[in-house]
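Here's the structure, in structure tokens; my notes come after.
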């Protein structure tokens with residue numbers, strides 16, 4: 001396995017945050033060159049992902065033969081305990097809900113003015129998984145928290161993650177996802193804590209509409225006049 005990871009590293013890829021109780025890969029709506037709005041949203045998806053990545057050197061030490069450094073430094077966002085359960089994030093561009101925002105913990109819905117990205121509506125606490133016969137597990141659609149301008153995006157993302165880190169259930173992993181935390185403490189309480197930690201106040205949700213979900217099949221011409229196949233990145 002080590003040669004595989006080292007090859008990926010030479011290609012500028014890695015397997016960080018593909019497992020464990022951290023924020024996993026951030027899903028973004030397809031084809032970032034379809035429009036300027038798609039490109040802007042895609043860049044913010046990368047910023048969110050990079051901001052929430054674990055800072056541990058263990059990956060490089062194990063797979064890339066980097067020097068082992070003894071440290072007691074705590075993860076700046078994940079803390080000493082990491083998260084109670086895996087955490088999934090999306091960035092979605094209406095009218096296509098191709099990443100299924102209601103199936104994920106934290107969701108940023110792109111809001112545009114005159115074709116330019118100006119901010120996001122935030123939805124938190126989605127998840128569709130259940131365990132047969134276990135009534136403590138259930139599906140839940142994400143709750144709307146409000147609208148934020150672009151400059152607050154990373155602070156709000158961090159605040160949601162750290163609130164779930166501190167408030168999530170650590171005694172029962174099957175009841176530890178963000179959706180259960182919201183049900184236990186209440187949406188208003190969770191939202192208020194996020195506002196407090198991020199130092200912001202959510203504005204009312206801005207209008208948006210989804211007309212399709214699932215993957216579109218075929219080729220789409222982008223702003224560069226080149227065609228690209230649709231897929232979820």
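With respect to residue 125, determine if the residue is on the phi > 0 side of the Ramachandran plot and under 15 Å from the mean Cα position of the chain (by Cα).
yes
For the stretch 31-46, which positions are more than 17 Å from residue 14 (Cβ to Cβ) and modelled with pLDDT of 90 or more?
Correct list: 35, 36, 37, 38, 39, 40, 41, 42, 43, 44.
For the stretch 168-188, which positions are in a helix (DSSP H, G or I) and within 21 Å of residue 102 (Cβ to Cβ)?
174, 175, 178, 179, 180, 181, 182, 183, 184, 185, 187, 188 - these are the residues of the stretch 168-188 that are in a helix (DSSP H, G or I) and within 21 Å of residue 102 (Cβ to Cβ).
Check off (1) surrounded by 14 or more Cβ atoms within 10 Å (Cβ to Cβ); (2) at negative phi for residue 17 and give me the number that stays unchecked.
That leaves (2) as the condition not met.
On the basis of being in contact (Cβ under 8 Å) with a residue 12 or more places away in the chain, closer than 16 Å to residue 91 by Cα and outside any helix (DSSP H, G or I), does residue 200 make the cut?
no
The values are calculated or read from the model by the stated rules, or taken from the named source; none is laboratory data. The shown structure was predicted, so the numbers you read here are calculated from the model rather than taken from an experiment. All Cβ positions, even for glycine, are placed from backbone atoms using ideal geometry, and neighbour counts span all protein chains on display.
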